[in-house]
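Take a look at the structure set out below.
The values are calculated or read from the model by the stated rules, or taken from the named source; none is laboratory data. Everything numeric here is computed off the predicted structure, so don't read it as measured data. Here the Cβ positions follow ideal geometry from the backbone for every residue, glycine too, while neighbour counts run over all protein chains shown.
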Amino acid sequence: MATIGAGATLLPNVSFGNEPKETYGNKTLKFPEPSRKLSVVDDVDVIVCGGGPAGIAAAISAARTGAKVRLFEVHGCLGGVWTAGFLTWLYEFDNPGLTAEIRTKLDERGARRGTNPKNFVYEPDEMKLLLEDLCTEAGVKVRLQTRLVAAYRDGRRLTTIITESRSGREAWRAKVFIDATGDGDLGALAGCGWDIGLEKDCPCQPLTMNALAVVRDVTLLQKYISFYGGDGIHLERVLNFKAEINRAGFDPSYGYPTLFNVRDNVVLLMANHEYGIKPFDANAMTEATIRSRKEVFNIARGLRQLGGVWEGFQIIASAEQIGIRDGRRIHGRYKMVREDLIKGSKFDDAVCKVTYPVDIHAETRAVNDKLPISNEDFKFVPYEIPLRALIAEDVDGLMMAGRCISGDRVSHSSYRVTGTAVAMGEAAGVVAAIASKSSRLPHEVEWKEAKKKLK
């Protein structure tokens with residue numbers, strides 16, 4: 001018997017003789033993997049899968065509400081797109097609760113640029129440390145570098161997940177689960193229905209590889225840096241920057257290439273799009289990552305060769321994870337739709353209000369060359385997201401938070417920004433904690449009861 005992390009045990013059934021095979025003639029058709037039994041770790045109330053903006057909010061909120069919580073993250077840090085993805089620019093961050101707390105603590109660490117509480121630049125590695133501190137203080141059991149690989153139900157109820165990590169294959173149980181993977185991995189593995197892109201299938205919004213770069217003197221680049229010093233100027237600077245990339249001999253795959261000033265002479269470069277990639281297609285994701293990193297470095301080299309204000313322009317780090325906009329949208333007990341954004345829908349069980357408009361990045365290079373970002377053809381009205389959109393329709397005991405909640409393509413392009421993801425995560429965490437501690441399922445908890453617990 002081998003002990004595998006956190007008290008889990010693995011009983012392997014391994015053959016040391018001939019390799020098991022299913023063959024037809026001399027061709028191997030399938031490899032019958034030997035079965036094995038896993039001991040189950042069952043020591044928490046709530047399990048959150050995904051440690052990005054929605055996941056850390058869900059885990060912290062659930063723990064602060066009194067639940068024992070475990071948080072799984074596939075990368076080597078918490079924060080998801082904030083950290084592994086080098087997003088560096090936050091939208092919709094003027095909500096109460098955890099967003100305000102994060103903003104205050106970033107200020108205390110000198111890690112935020114700009115005075116606007118809603119939209120601002122931050123330092124990715126300070127964000128890593130801050131999120132680790134918040135989870136530790138809340139008592140969340142964090143496991144990094146751990147991938148979700150399977151989910152099992154008892155009837156309709158999700159009971160067990162399986163992970164793979166440096167500790168091997170492990171089984172985990174909880175009373176309530178939260179899918180904060182962004183791509184809806186847990187919901188899909190548990191058997192939920194889902195949509196992606198144009199409802200049935202891609203095309204999806206493109207991926208983006210971000211990179212940090214150092215410049216010789218950032219003050220000489222003000223006309224190219226969006227929102228420099230919090231001045232609110234964006235599109236003009238983007239077009240100026242694109243002209244310089246063109247002058248260097250490159251036509252960027254993203255029509256609105258952008259620079260942000262992270263701090264001092266460090267900037268964030270966002271100039272790449274990878275079109276038509278499904279985030280659960282490993283080969284396509286690998287190829288897109290390799291292409292995008294090469295494009296970003298080529299642009300940086302080209303700018304450096306221009307000399308002048310670009311002298312010394314050098315990438316110092318590219319993101320570990322290429323940024324994903326579109327993933328699975330898990331079917332919930334309410335589906336956010338375009339009409340909700342047209343009429344500004346309000347709900348009795350509203351968990352947050354969204355003021356960020358429709359933001360659909362071009363789904364093909366041809367469309368990008370004409371219109372890189374579409375705001376659709378209607379007047380946007382701020383709207384609310386109901387708790388029901390965060391509760392799985394097909395599986396009991398499962399909630400969602402972040403961009404994998406239940407919605408259509410248009411509404412998703414609005415609620416997917418990270419400030420809103422945090423608000424959704426907080427709501428899901430509180431409901432999950434109440435449900436788990438009172439032997440109820442999430443859909444049996446009324447929002448008015450949960451709302452009282454939110455700080």
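Summary of values
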{"read-out": "Filter result (surrounded by 22 or more Cβ atoms within 10 Å (Cβ to Cβ) and more than 19 Å from Asp185 (Cβ to Cβ)) within the range 66-81", "value": "Ala67"}
{"read-out": "Selected residue (only one of Leu303, Leu269 is more than 24 Å from Pro382 (Cβ to Cβ), part of a strand (DSSP E or B) and outside the structural domain of Val431 (by TED's automatic domain parsing))", "value": "Leu269"}
{"read-out": "Selected residue [small (Gly, Ala, Ser) and either assigned by TED's automatic domain parsing to the domain that holds Gly230 or buried (at least 23 other Cβ atoms within 10 Å of the Cβ) (or both)] from Ala111, Ala100, Ala63", "value": "Ala63"}
{"read-out": "The range 1-50, residues that are under 28 Å from the mean Cα position of the chain (by Cα) and modelled with pLDDT under 65", "value": "Gly5, Ala6"}
{"read-out": "Ala190, sole failed condition from (1) buried (at least 21 other Cβ atoms within 10 Å of the Cβ); (2) in contact with a helix residue (DSSP H, G or I) (Cβ under 8 Å, 6 or more places away or on another chain)", "value": "(2)"}
{"read-out": "Test set (1) of a type outside the set (S, T, N, Q); (2) within 23 Å of Gln321 (Cβ to Cβ); (3) in contact with an Asp or Glu (Cβ under 7 Å, 6 or more places away or on another chain); (4) assigned by TED's automatic domain parsing to the domain that holds Leu268 - Val214 fails condition number", "value": "(3)"}
{"read-out": "Set Asn298, Asn265: member being touching a helix residue (DSSP H, G or I) at 6+ places or on another chain (Cβ under 7 Å) and of a type outside the set (Ser, Thr, Tyr)", "value": "Asn265"}
{"read-out": "Entirely in the range 368-451, the helices (runs of 4 or more DSSP H) that have 3 or more residues that are β-branched (Val, Ile, Thr)", "value": "418-437"}
{"read-out": "Residues (farther than 25 Å from Val74 by Cβ and in contact with a Pro (Cβ under 6 Å, 6 or more places away or on another chain)) located in the range 288-341", "value": "Tyr334"}
{"read-out": "Residue in the range 356-364 that is assigned to a helix (DSSP H, G or I), in contact with a Ser or Thr (Cβ under 9 Å, 6 or more places away or on another chain) and not assigned by TED's automatic domain parsing to the domain that holds Thr258 present", "value": "no"}
{"read-out": "First in the range 404-426 and over 23 Å from Lys278 (Cβ atoms), second anywhere and of a type in the set (Val, Ile, Thr), Cβ under 6 Å, 6 or more apart", "value": "Gly419/Thr99; Thr420/Val354; Val422/Thr99"}
{"read-out": "Filter result for Cys204 (assigned to a loop (DSSP other than H, G, I, E, B) and under 18 Å from Asp394 (Cα atoms))", "value": "no"}
{"read-out": "Checking Val176 against (1) surrounded by fewer than 18 Cβ atoms within 10 Å (Cβ to Cβ); (2) in contact with a helix residue (DSSP H, G or I) (Cβ under 7 Å, 6 or more places away or on another chain); (3) of a type in the set (Val, Ile, Thr), the condition it does not meet", "value": "(1)"}
{"read-out": "In the range 123-137, residue nearest to His75 (Cα to Cα) [restricted to those that are touching a residue at least 60 places away in the same chain (Cβ under 8 Å) and in contact with a strand residue (DSSP E or B) (Cβ under 8 Å, 6 or more places away or on another chain)]", "value": "Pro124"}
{"read-out": "Which listed residue, of Leu186, Leu198, Leu158, is farther than 23 Å from Leu268 by Cα, of a type outside the set (Gly, Ala, Ser) and part of a helix (DSSP H, G or I)", "value": "Leu186"}
